[in-house]
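Have a look at the structure below, then the notes.
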Amino acid sequence: MMVFPASAVQAARILVVGDIMLDRYWFGEVDRISPEAPVPVVRVARREDRLGGAANVARNIAALGAQVSLMGIVGADEAGARVRALIRESGIRDGLVEDAEGMDTTLKMRVLGRQQQLLRVDFEQGPGGRALDALDAGLADGLRGVDLLVLSDYAKGALARVEHLIALARDAGVPVLVDPKGHRYKRYQGATLVTPNRSEMQDAVGRWDSEEDLTARAQALREELALEALLITRSEQGMTLYTQAGRQHADAQAQEVFDVSGAGDTVLATLAVMRAAGLGWYDAMLWANRAGGIVVGKLGTSIVTAQELSA
């Protein structure tokens, strides 16, 4: 039986850098179709804002009891101000850069009726060069005294210079965990670990036809990028870890899958916390697998607490 390492987790210091999002939910009831068009009319009864993207990773780290700082870029807008308020409420140290060049904070607005998502509207615009310069400059200071750096890439622009960020961390002797995006994995060379999901892994190495084929492709990618470890999250197939020692697998633990939104953030956060607390890769994966199994049973971008994980 695994015992939650509470004291080591509380001492862990983690920096999260990446694409910041605000997830906005409008909950309501649907009892008629609009006379204007064949679409449902939602009578909104409740509104809720949640941290998304890299901010959701940081929120999960804080919920597990570790010390966490967050760096990223937001716009000078209502959504950016709301993000700052939510990270303060979550106990996250604010290291955000405000883009004064007209960037919109990434906002995903979801409309739900009877707990079913009916519509999602996205607002987003990439950051300007000055904001990226400020992020680069802030990272050098932000790395001081941290045990681990997490890079959460959602391809919204904050990690446009990810190679430089990884180099800064390596120079500072800080391990780097990356949640990747896209197929240009050469950008992440020199990181400590990369955590693609099944689809992202296919983008990176192509389709595989057996576990042996996947292992060969995964190990080749790990060696090409000079990674210490590569972890593939595989939904109902669980997680598979590749290191120099070989392949290790954990079956999925989800009892009921309700919503996979943000599940990758929870997995990454738990993995980072356990590594910063001193656990090996395999044990950290087991905890991350457990956390992923819990969070997919919740609605929307959610967190897993230390109490839930240790129950």
Out of the residues in region 205-232 that are in contact with a strand residue (DSSP E or B) (Cβ under 9 Å, 6 or more places away or on another chain) and open to solvent by 30 Å² or more (accessible area, probe 1.4 Å), state the one that is nearest to residue 247 (Cα to Cα). 215
For residue 146, all conditions in the list (1) at pLDDT 95 or above; (2) farther than 26 Å from residue 13 by Cα; (3) under 19 Å from the mean Cα position of the chain (by Cα) hold save one; what is the number of the exception? (2)
Pairing a residue in region 180-192 that is at positive phi with any residue that is part of a loop (DSSP other than H, G, I, E, B), where Cβ atoms lie under 7 Å and the two sit 6 or more apart in sequence or on different chains, gives 182/155; 190/226
Filtering region 251-284 down to residues that are outside any helix (DSSP H, G or I), over 24 Å from residue 215 (Cα atoms) and at pLDDT 95 or above yields 277, 278
Residues being assigned to a helix (DSSP H, G or I), surrounded by fewer than 19 Cβ atoms within 10 Å (Cβ to Cβ) and not small (Gly, Ala, Ser) - total across region 102-147: 4
Filter region 1-41 down to residues that are under 25 Å from residue 144 (Cα atoms) and of a type in the set (Gly, Ala, Ser) and give me whichever is most open to solvent (accessible area, probe 1.4 Å). 7
Taking region 233-243 only, how many residues are surrounded by fewer than 18 Cβ atoms within 10 Å (Cβ to Cβ) and either small (Gly, Ala, Ser) or modelled with pLDDT of 95 or more (or both)? 1
Selection from region 285-299 of residues that are in a helix (DSSP H, G or I) and not polar (S, T, N, Q): 285, 286, 287, 288, 290, 291, 292, 293, 294, 295
Which residue, of 68, 41, is without any contact (Cβ under 8 Å) to a residue 60 or more places away in the chain and within 27 Å of residue 4 (Cα to Cα)? 68
Within region 42-63, can one find any residue that is in a loop (DSSP other than H, G, I, E, B), surrounded by 14 or more Cβ atoms within 10 Å (Cβ to Cβ) and not aliphatic (A, V, I, L, M)? no
Select from region 148-181 the residues that are in a helix (DSSP H, G or I), small (Gly, Ala, Ser) and in contact with a helix residue (DSSP H, G or I) (Cβ under 9 Å, 6 or more places away or on another chain) and write down the one among them that is surrounded by the fewest Cβ atoms within 10 Å (Cβ to Cβ). 172
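The values are calculated or read from the model by the stated rules, or taken from the named source; none is laboratory data. Keep in mind that what you see is a predicted model, and the values were worked out from it rather than measured. Ideal geometry is used to build each Cβ from the backbone, glycine not excepted, and the neighbour counts take in all protein chains shown. Heads up: the accessible areas ignore ligands, DNA and RNA and are worked out on the full protein's heavy atoms, side chains in. Shrake-Rupley method; radii C 1.70, N 1.55, O 1.52, S 1.80 Å.
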